[in-house]
1. Calculate, in nm to one decimal, what Gln257 and Gln228 gain on full extension: separation in residues at 0.36 nm each, minus their alpha carbon distance.
2. Are there trypsin sites (Lys or Arg not before Pro) in the stretch 38-129 that DSSP marks as loop and that have at most 14 other Cβ atoms within 10 Å, and which are they?
3. Could you give the distance between the Cα centres of the stretch 57-91 and the stretch 208-223, to the whole Å?
4. For Asp256, what is the net charge nearby, where nearby means another residue's Cβ is under 11 Å from its Cβ and Lys, Arg count +1, Asp, Glu -1?
5. Please enumerate, by chain and number, the aspartates and glutamates with C-alpha under 14 Å from the C-alpha of Lys150, excluding those fewer than 8 residues away in the same chain.
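Readers should treat all values here as calculations from the given coordinates under stated rules, not as data from a laboratory. Keep in mind that what you see is a predicted model, and the values were worked out from it rather than measured. Every residue, glycine among them, receives a Cβ derived from its backbone with ideal geometry; neighbour counts consider all protein chains shown.
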Amino acid sequence: MKFRIPSLIAAAAVAAGALTAIPSASADVTDLGAVVSVSPPGANDWSCTPTAEHPEPVILVPGTFESMAKNWSTLSPVLKNAGYCVFALDYGTTNGVPATGPVRQSAAELGAFVDRVLAATGARKVDLVGHSQGGMMPRYYLGFLGGAKKVDHLVGLAPSNHGTEGVVSPATGDLTAGGNLGSLCQACDDQAAGSPFMQELNSIGDLVNGPVYTVVSTRYDEVVTPYQSQFLAGPPRLVTNITLQDLCPLDPIEHDQLPNDPAAHQLVLHAVSRTGAPADPAYRPVCL
């Protein structure tokens with residue numbers, strides 16, 4: 001697998017630095033030593049109490065190179081305005097760039113965050129909504145770190161569930177993965193199709209007992225390829241795989257912007273509303 005990203009890590013570091021320098025006055029800000037995490041709008045109100053209508057807090061898990069503030073700036077307030085307790089985290093930060101560390105370690109960070117949310121809200125379980133790595137990494141938490149009993153629903157937006165055959169960015173030049181990115185982005189190596197991590201993750205099957213799963217993919221994904229590799233195998237009562245263009249044929253959205261797509265927002269809202277069941281395949285969002 002090749003990553004054309006010679007400037008992407010630097011750009012992400014610059015963005016992280018900008019967030020550190022000028023956090024929003026109204027944002028929830030967490031000091032993590034050298035890194036300051038800024039919450040997206042509507043997220044990380046630790047006084048939020050789940051309602052009978054929405055008993056499970058929603059945790060938003062960003063993708064590789066992404067901070068929670070950037071990845072969830074539009075979906076977080078949509079969920080909050082719908083009445084959910086919304087939480088989000090940054091994880092796997094290496095060299096100042098989020099979501100680049102070893103996926104196994106990031107899954108452990110997610111587990112600690114889930115425990116914190118459950119303790120603060122008094123909820124029994126959470127729903128996880130993740131983009132790209134953030135839609136795949138929770139599966140390691142569910143299958144290997146005891147998370148299955150704490151999660152009702154995992155919703156993946158363009159998740160790298162079976163790795164990717166190649167990542168393309170607008171940057172020029174090539175870096176070859178498969179161990180060659182090293183400390184720059186271990187998560188990138190882990191997400192290569194056929195990597196040792198991917199073999200371990202999927203050695204126990206796509207699903208584990210307890211949670212339900214919804215996958216939302218775009219036919220125009222240029223990062224996690226082929227896009228069909230994002231789908232999870234399992235019975236319809238446990239998993240629903242959705243290709244966005246099957247519902248909205250004219251929607252041109254690609255990998256990076258899928259979390260900002262209005263139709264994807266509707267699919268997420270529908271999915272998390274279904275306790276103990278994946279998204280209904282018959283559900284149709286309003287296409288713009």
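1. On the way: separation 29, 0.36 × 29 = 10.44 nm, distance 1.80 nm.
Additional length available on full extension: 8.6 nm.
2. Details: sites: Lys70, Lys80, Arg104, Arg116, Arg124, Lys125; in loops: Arg124, Lys125.
Filter output for the stretch 38-129: Arg124.
3. Centre-to-centre distance over Cα atoms comes out at 17 Å.
4. Working: positive: Lys70; negative: Glu66, Asp221, Glu222, Glu254, Asp261.
Local net charge: -4.
5. Output for Lys150: Glu56, Asp115, Asp127.
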